[in-house]
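Structure first, commentary second.
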Amino acid sequence: MTPTTDAIDYAKLPKHIAIIMDGNGRWAKERNKDRVYGHHEGVLSVREIVNVSAQIGIQYLTLYAFSTENWNRPKEEVAALMELLVNTIRKEVSDLNKNNVRLCVIGDLESLPLKCQVEMQEAIDLTATNTGLTLILALSYSAKWELVEAIKNIATAVKNNQLSVTEINEELISAHLSTASFPDPELMIRTSGEHRISNFLLYQLAYAELYFTSTHWPDFRKEQYIQAICDYQNRERRFGKTSEQIQTNLTNVDESN
Ligand code: IPE
Ligand code: IPE
Ligand code: MG
């Protein structure tokens with residue numbers, strides 16, 4: 001049976017979902033098209049997943065759109081991706097505003113072509129006061145890059161006597177990551193069958209539920225997304241405790257209501 005939004009338990013909705021949108025190239029290859037065609041089709045999935053997220057009340061959605069390692073792809077593909085990024089952002093801003101979506105970006109933005117930087121900043125500014133879904137695009141992002149930046153900033157603060165070593169804790173590290181103002185994702189989805197993290201949100205995913213599907217990104221639409229959310233909702237998140245402890249806790253909460 002194909003799930004609809006009725007299958008979602010709204011009391012157990014993840015606040016933050018992160019997605020590694022993988023498989024555009026393979027999707028295109030299966031259709032004897034070039035990889036860029038796959039990226040174009042992938043944008044349609046982005047649009048649908050953003051709209052569904054806003055509609056069902058997801059608060060944060062992070063999409064891995066371009067990794068630091070993706071700079072090593074053929075230069076024609078990189079150029080096409082940058083072009084697609086600029087055009088998509090330009091086209092989508094009015095819909096983002098209509099859907100009350102706030103756009104944010106994480107990653108080494110200075111490494112992007114100037115045109116991309118300008119377009120992204122404009123879209124960020126134009127959607128800054130929206131109060132619905134926060135859409136976070138990971139662009140020229142890698143978790144190792146992010147951790148190096150955080151450690152440099154923390155070390156500088158210690159060196160300048162603005163921070164003592166004893167003040168360094170998990171919260172302080174989180175506060176120095178590019179995701180400082182967002183909660184950690186509870187659910188991470190990767191499409192297209194690869195079972196790896198590919199340098200995505202290493203610190204933030206420490207306790208996320210991971211969901212892998214063989215569906216290529218351009219085929220990942222509303223139904224597949226709801227399926228992933230329902231799968232997440234059927235899991236028991238124990239955070240190191242025993243199943244019995246979690247069950248007792250749930251019963252106590254039920255009884256006090
Ligand atoms: C994801 O699809 C898009 C980006 C990484 C930019 P891929 O381009 O990685 O597609 P495959 O994995 O080669 O099929
Ligand atoms: C990860 O996908 C990056 C993005 C989805 C943007 P890749 O296709 O680049 O990852 P690998 O190379 O399979 O690890
Ligand atoms: Mg890939």
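Coordinate-derived values only; no laboratory data. Bear in mind that the values here come from a model prediction, so they are computed numbers and not experimental data. Neighbour counts are summed over all protein chains in view; Cβ atoms, including those assigned to glycine, are modelled from backbone coordinates with ideal geometry.
Relative contact order for the stretch 109-238: what percent, with Cα pairs under 8 Å and sequence separation of 6 or more?
Rounded, it is 20 percent for the stretch 109-238.
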### Choice from ALA18, ALA138, ALA79 with maximal GNM fluctuation in the chain (Cα, 10 Å cutoff)
ALA79
#### Entry: Shape call, the chain: gyration tensor on alpha carbons, a/c limit 1.5
oblate
### Task
Would you calculate a helix-derived [θ] at 222 nm for the chain, using -39,500 (n - 2.57) for each DSSP H run of n ≥ 4 and dividing by the full residue count, to the nearest 500?
-14500 deg cm²/dmol
### Summary
Applying the gyration tensor rule to the Cα atoms of the stretch 165-257 (axes a ≥ b ≥ c; rounded if a/c under 1.5, else prolate if a/b exceeds b/c, else oblate), the class is oblate
### Message
From Cα pairs below 8 angstrom and at least 6 apart in sequence, can you work out the relative contact order of the chain, rounded to a whole percent?
### Response
28 percent
### Query
Where nothing but the Cβ of Lys and Arg (+1) and of Asp and Glu (-1) is charged, how large is the charge dipole of the chain around its Cα centre, in debye to the nearest 20?
460 debye
### Message
Over the chain, with a Gaussian network built from C-alpha contacts below 10 Å, which listed residue (PRO218, PRO74, PRO183) shows the highest mean-square fluctuation?
### Response
PRO74
### Task
For the stretch 158-171, just list the computed ³J(HN,Hα) in residue order, Karplus coefficients 6.51, -1.76 and 1.60, θ = phi - 60°, integers in Hz, with x standing in for Gly and Pro.
5, 4, 8, 6, 8, 8, 9, 4, 5, 7, 6, 9, 4, 5
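Of LYS12/LYS241; LYS98/LYS222; LYS33/LYS91; LYS12/LYS222, which pairs sit farther than 22 Å apart, going by alpha carbon to alpha carbon?
Check vs 22 Å cut-off fails for LYS33/LYS91.
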### Interchain or long-range residues, amide H under 5 Å from ILE19's placed H
THR62, LEU63, TYR64, ILE189
